[in-house]
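The values are calculated or read from the model by the stated rules, or taken from the named source; none is laboratory data. In this text the structure is predicted, and so the values were computed from the model without any measurement. Here the Cβ is made from the backbone with ideal geometry for all residues, glycine too, and neighbour counts use every protein chain on show. Accessible surface areas use protein heavy atoms only, side chains included; no ligands, DNA or RNA. Shrake-Rupley method; radii C 1.70, N 1.55, O 1.52, S 1.80 Å.
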Amino acid sequence: MRLFICEKPGQAKDIARVLFGQLPRNMGFYYEHGNDCVTWAVGHILESAKPEEYVEELNKFWNLEPLPLFPDKWKFKVAKGFDKQMNAIRGLINRCDEVVLATDAGREGELIGRSLLTYSNFDYGRKKLSRLWIQALDDKSIRDGLKNIMPGEKKQGLYMAGLARQRADWLVGMNCSRVFTAAYGSKEPKSKEGPISVGRVQTPTLALIVRRDLAIENFKAKSFFNLTGVFEHSNGAIKTSYKIPDAKRDADGHCTDEKLLQAVADKCRNQVGQIVEASTEAKATAAPLPHDLLELQKEASELLKISVKQVLDCAQVLYEKHKLISYPRGDSRYLTESQFEDVPSIMATIVAMDPTMSEVVAKLNLSKKGRAWNDVQVAKSDHHAIMPKAVPNKFDWSILSAQEKAIYKLVRDRFMMQFAPDYEYDASIIEIECESERFVAKGNVERAAGWKGIFKVVEDESNAKEPQQKLPEVSKDDEVRGIAFDVTTGKTTAPKPYTQASLLEAMQSVASTVTDPVLKKILSQSNGLGTPATRAAIIERLLEVNYVIKKGTKIISTDKGRMVVKKLPAELTQPETTALWEFQLSQIEKGTKNMTYERFMGELEQQVRDMVAEGKKIADERQREWLKAHNNTSAGAKV
């Protein structure tokens with residue numbers, strides 16, 4: 001018998017229907033037809049055992065004697081309410097000759113599937129292990145996947161990376177949460193200190209927020225100055241900005257010498273200058289690429305004012321339940337070239353769901369195969385970009401919630417943008433020399449709105465600052481006269497508090513916060529802090545343990561959160577440490593020789609030992625001080 005193990009019931013139902021040609025009778029915990037059987041888990045049906053299930057003495061949270069704890073044999077238990085499902089899976093694994101893992105195509109999906117095999121004592125020597133790798137649950141994707149089932153060993157590196165991630169999270173979280181609660185916190189949840197929650201990704205993410213908040217609070221605005229000048233040309237006035245020499249700028253690129261600029265203004269007023277550069281270039285900007293999860297969360301939270309977790313939850317429902325979009329938890333913004341053949345059926349579905357879209361489709365060039373279709377780029381990730389899917393029968397739009405409709409529209413519109421005309425504009429630049437000083441004028445003039453005239457998007461702030469003035473026609477060596485100059489004052493501004501969307505971006509691009517060039521280069525190749533699928537949950541956890549609060553759209557650290565970052569070892573709070581761990585996990589996934597599961601776990605265990613030793617030392621000192629303050633020398637006294 002060949003057994004397909006899926007991650008969730010809906011996934012199993014779709015695969016069984018395509019595999020068997022029709023959906024056979026549900027046998028309670030699986031579908032079976034002929035020599036094939038399809039069963040399912042419920043996501044993480046297996047949970048890691050608690051510390052006290054390894055060492056009974058740890059049932060007292062404040063007992064630090066058994067720490068650090070490194071299990072010789074890792075234990076798992078079935079999630080509450082799913083014993084019957086797990087028993088059915090174990091029975092089917094024992095019956096079968098071959099297991100085909102059909103869990104989600106990614107690190108966590110691989111870990112879930114392999115954990116079920118380990119828990120069920122799967123015999124790798126006698127039985128065959130295969131992998132069904134699909135990135136969407138539409139019929140075509142499933143059929144294509146079934147034609148290309150791969151040997152299980154091809155994803156061995158992915159499993160080892162998932163296993164290392166799972167165990168690292170447990171070791172850091174369990175050992176460090178206990179020892180640093182004893183050192184700095186309280187076992188009373190409602191006390192000011194409360195228990196200290198430590199996480200491999202959670203804690204450095206908190207540190208990002210705390211450091212941003214402190215930078216804002218300690219910020220002192222500085223004045224700086226700019227010089228603008230208006231030069232008269234026979235074809236019209238030219239508004240320019242003075243090109244401040246680098247030697248006259250501070251470390252932030254500003255000029256703080258008002259008198260210097262005033263002297264330039266006085267020197268050039270009513271003087272004749274010469275145009276030393278004049279050019280106009282026709283430019284075009286293509287539509288933004290399709291969404292990955294981060295891009296979708298950023299755009300949705302900005303436009304819809306909803307949390308990044310709500311965005312992910314809605315996207316997951318659209319993918320898993322309604323089959324309207326592809327897998328949403330990936331980090332690629334490209335599509336496979338073979339998916340281009342699905343464009344007509346996808347557009348037909350879009351119009352059938354919303355007939356008003358026929359007017360939009362009429363403005364598109366559906367034969368335009370733009371930069372989004374790129375197999376090389378897709379190969380760099382486990383998944384392709386998020387895209388709308390074709391639905392065989394007319395979908396009842398009314399069954400979607402308001403948020404689900406809004407998220408679908410964002411995915412739909414971004415996909416449709418790929419067939420829209422480019423945004424076209426003329427980019428002009430004029431450079432003037434007057435009294436040996438340089439002035440520059442730039443201007444962008446729209447020629448064709450293209451995709452910007454059809455779809456609404458969140459503009460990048462840097463693009464929004466581009467000047468839109470129309471410059472007069474001039475030629476190089478033309479004479480101009482300086483007729484007006486103005487020294488303007490500006491003030492440096494503090495960094496902006498994080499929003500959920502900007503925090504997600506900071507977690508992914510943590511390399512930008514690192515100054516060490518070697519580490520920066522390494523981290524630029526990593527996924528940053530966490531993964532696209534876990535970052536929203538990390539933010540929710542920080543809110544749950546009262547390390548941060550929401551003020552409108554802002555994420556602000558609490559006193560407790562600041563205390564945690566201040567007190568914990570740098571290894572736990574430095575974002576680059578965890579980002580480096582994520583990079584090492586990616587190296588395990590790729591099967592590189594310089595980073596193996598064994599090496600990663602060995603190095604991590606030593607770090608945990610060092611941090612626990614530090615925490616114990618502080619906790620012991622705290623207890624001695626408490627005993628001294630209370631004149632109580634009883635060995636049984638507790639903080």
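Observations on the model:
- Sum of side-chain charges, E621 neighbourhood, beta-carbon under 12 Å (Lys, Arg +1; Asp, Glu -1): +2
- Full extension of the chain between K309 and N365 gives 16.7 nm of extra length, using 0.36 nm per residue less the Cα-Cα distance.
- R622 paired with D559, simple spin-label distance in nm, labels 7 Å along Cα-to-beta-carbon: 1.7
- Relative contact order [Cα under 8 Å, 6+ residues apart], the chain, whole percent: 18
- Within-12-Å neighbourhood charge of V548 [Cβ basis; K, R +1; D, E -1]: +3
- Taking all protein chains together and a 1.4 Å probe, the residues V445, V360 rank V445, V360 from largest to smallest accessible area.
- Using the Karplus relation 6.51 cos²θ - 1.76 cosθ + 1.60 with θ = phi - 60°, the per-residue 3J(HN,Hα) values for region 93-107 come to 5, 5, 6, 7, 9, 9, 10, 10, 6, 10, 6, 3, 7, x, 4 Hz, with x marking Gly and Pro.
- Largest accessible area first, the listed residues L214, L227 line up as L214, L227 when surface is computed with a 1.4 Å probe on the assembled protein chains.
- Of the GluC sites (Glu not before Pro) found in region 467-521, the ones in coil according to DSSP and having at most 13 other Cβ atoms within 10 Å of their Cβ are E473.
- Computed with a 1.4 Å probe on the full set of protein chains, the accessible area for I244 sits at about 10 Å².
- If R0 equals 35 Å, the separation of the Cβ atoms of K283 and A251 corresponds to a calculated FRET efficiency of about 0.60.
- Approximate shape of the chain as ellipsoid semi-axes (Cα gyration tensor, √5λ), whole Å, largest first: 51, 39, 20
- Residue ranking by accessible heavy-atom surface, 1.4 Å probe, largest first, among R447, R541 comes out as R447, R541.
- Here the average projected area of the convex hull drawn through the C-alpha atoms of region 185-281 stands at 12.9 nm².
- Trypsin sites (Lys or Arg not before Pro) lying in DSSP loop within region 25-101, provided at most 15 other Cβ fall within 10 Å: R25, K60, K73, K75, K80
- Mean ellipticity per residue at 222 nm, deg cm²/dmol - from DSSP H runs of n ≥ 4 across the chain, formula -39500 (n - 2.57): -12500 deg cm²/dmol
- Phi angles across region 586-601 convert, under the Karplus curve 6.51 cos²θ - 1.76 cosθ + 1.60 with θ = phi - 60°, into 3J(HN,Hα) values of 5, 5, 4, 4, 7, x, 6, 6, 7, 9, 10, 4, 5, 5, 4, 5 Hz, Gly and Pro given as x.
- Qualifying trypsin sites (Lys or Arg not before Pro) in region 293-349, where qualification requires a DSSP coil assignment and no more than 11 other C-beta atoms within 10 Å, comprise K305.
- Label-to-label distance, nm, for residues given as K140 and K243 (7 Å Cα→Cβ offset): 5.3
- Candidates V308, G453, L410 compared by Cα position along the dipole of the chain: farthest toward the positive end lies V308, with charges placed on Cβ.
- A probe of 1.4 angstrom, applied to the heavy atoms of all protein chains, finds E544 with accessible area near 130 square angstrom.
- Whole-Hz couplings from phi, Karplus 6.51/-1.76/1.60, listed for region 285-302; x for Gly and Pro: 10, 6, 4, x, 5, x, 6, 9, 4, 4, 4, 5, 5, 5, 5, 5, 5, 6
- Region 329-446: C-alpha gyration tensor shape, a/c 1.5 cut-off, then a/b vs b/c: prolate
- Listed residue (A105, F20, S279) projecting farthest to the positive dipole end of the chain, Cβ model: F20
- Heavy-atom accessible surface of L260, to the nearest 10 Å², is about 40 Å², with a 1.4 Å probe and all protein chains retained.
- Projecting the Cα positions of A265, Q469, S436 onto the charge dipole of the chain (unit charges on Cβ atoms of Lys, Arg, Asp and Glu, taken about the Cα centre) puts Q469 furthest along the positive direction.
- Subtracting the Cα-Cα distance of E435 and N63 from 0.36 nm times their residue separation leaves 126.1 nm of extension gain.
- Extension gain, E98 to K84: 0.36 nm times the residue separation minus the Cα-Cα distance gives 2.8 nm.
- FRET efficiency, 1/(1 + (r/R0)^6) with R0 41 Å, evaluated for E47 and A352 via beta carbons: 0.45
- A41 long-range amide H proximity, modeled H, under 5 Å: C6, E7, K8
- Region 500-583, relative contact order [Cα under 8 Å, separation at least 6], %: 37
- Between K566 and T488, the C-beta separation translates, for a Förster distance of 51 Å, into a calculated FRET efficiency of about 0.80.
- Whole-Å distance, taken between Cα centres, linking region 385-418 and region 540-579: 35
- K222 paired with N235, simple spin-label distance in nm, labels 7 Å along Cα-to-beta-carbon: 4.0
- Charge dipole magnitude, Cβ of K and R +1, D and E -1 - the chain, Cα centre, debye nearest 20: 1940
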